[in-house]
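The values are calculated or read from the model by the stated rules, or taken from the named source; none is laboratory data. Treat the numbers as computed from the prediction; the structure is a model and nothing was measured. Heads up, the Cβs are rebuilt from the backbone with ideal geometry, glycines too, and the neighbour counts pull from every protein chain shown. The protein model used for the area step is the full one, side chains on, heavy atoms only, and it has no ligands, DNA or RNA in it. Shrake-Rupley method; radii C 1.70, N 1.55, O 1.52, S 1.80 Å.
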Amino acid sequence: MPLHIPAVGRRQFLTQSAAALAGLSILRIGYAAEGDQAVTLALLSDTHVPETPMVEARGVNMTANLQKAVEEINALPTKPAAVLFNGDCAYLKGLPRDYANFAQCVQPLIDTGQELHMTMGNHDNIPAFYGAMASQKPEQPLVESKHVGILETPYANIFLLDSLMTTNVVTGELGAAQLKWLSQALDAHANKPAVIMAHHTLDKSPPQVGKAISGLADTAELLELLHSKPHVKAYVFGHSHVWAHTHEGDLNLINLPACAYVFNEAQPNGWTLARVNEKGIEFELQAHDKSHKKHGQVFTVKWA
Ligand SMILES: [Zn+2]
């Protein structure tokens, strides 16, 4: 469906809607793309930015990795409609100084007028995050005490969920209230394909005594919900620091690579360029190491 909105009207609309919705709740993005042009998004996950640029982990400087990704995004020939950070923005404990460093790293994106959105991972802390990035705090959260939102694009809606249970505890949880909201929000936006994004991996392994669940504690509830809505096409997540495309029935599972460090040396780190169009969504790996054999690999999710 080609949409032609005059530039001035479009800008006014975006300004008004952004102001009215105060940061992150329901936002229309990508309507500037002409005709059948794809809407592009830059996706980053697991940036793990520490309180000072000196801190390194697993042989990686996390601050430098994020700065490099930010430079690459700003150098893209087409400016993405939004830049999404899928959780674990902060290093480990979600400290105010982690977010101060994070905010400094992403400032060049803000300076070029980029739309930024974050989901919360197990190493994040919502009050500390809002403390450093006040514009991200909605006046009226869609789900109480949770950082969630909906991005409407011409071709699909992207639902940003909050799977943070307790800061620096590996287990994730959406909770009954968020799942109820998601179900209603999906029904209210059933006119376009839906992409669900949250930090945590799905975890279908049976609980073991004395061992914390490493993924989403309410995986079964989420999957039941997503499988009941045929317009949900993909679940996009991070957490495992792995780049992969797998399937769960009809649902595509897209595992975004970490921007920070990897747990397995064979895995690439970097970020992902997504292209949304009327046929589906493509995810293209932008590895930090351009000589990595998976750099440029594309995973495709078709709407039908
Ligand atoms: Zn992580």
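Quick look at the values:
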item	result
Per residue solvent-accessible surface (Å²) - the range 7-302, probe of 1.4 Å	42 Å²
Aspartates and glutamates with Cα under 14 Å of LYS146, excluding same-chain neighbours fewer than 8 positions away	ASP124, ASP162, GLU173
Subset of LYS180/LYS279; LYS68/LYS294; LYS79/LYS192; LYS229/LYS279 violating a 21 Å alpha-carbon distance limit	LYS180/LYS279; LYS79/LYS192
222 nm mean residue ellipticity, helices alone, for the chain (DSSP H n ≥ 4; -39,500 (n - 2.57); rounded to 500)	-7500 deg cm²/dmol
Only Lys, Arg (+1) and Asp, Glu (-1) charged, at Cβ; the range 7-302 dipole about Cα centre in debye	280 debye
Dimensionless Rg ratio for the chain, taking C-alpha atoms and the 2.2 N^0.38 Å reference	0.93
LEU202 - accessible surface, heavy atoms, 1.4 Å probe, Å² rounded to 10	40 Å²
Largest to smallest accessible area among GLU139, GLU278, GLU248 [probe 1.4 Å]	GLU139, GLU278, GLU248
Alpha-carbon centroids, the range 97-131 and the range 267-288: separation in whole Å	21 Å
Percent RCO, i.e. relative contact order, over the chain, from Cα pairs under 8 Å lying at least 6 residues apart	19 percent
Carbon/sulfur fraction of accessible area - the chain, other protein chains in place, 1.4 Å, %	54 percent
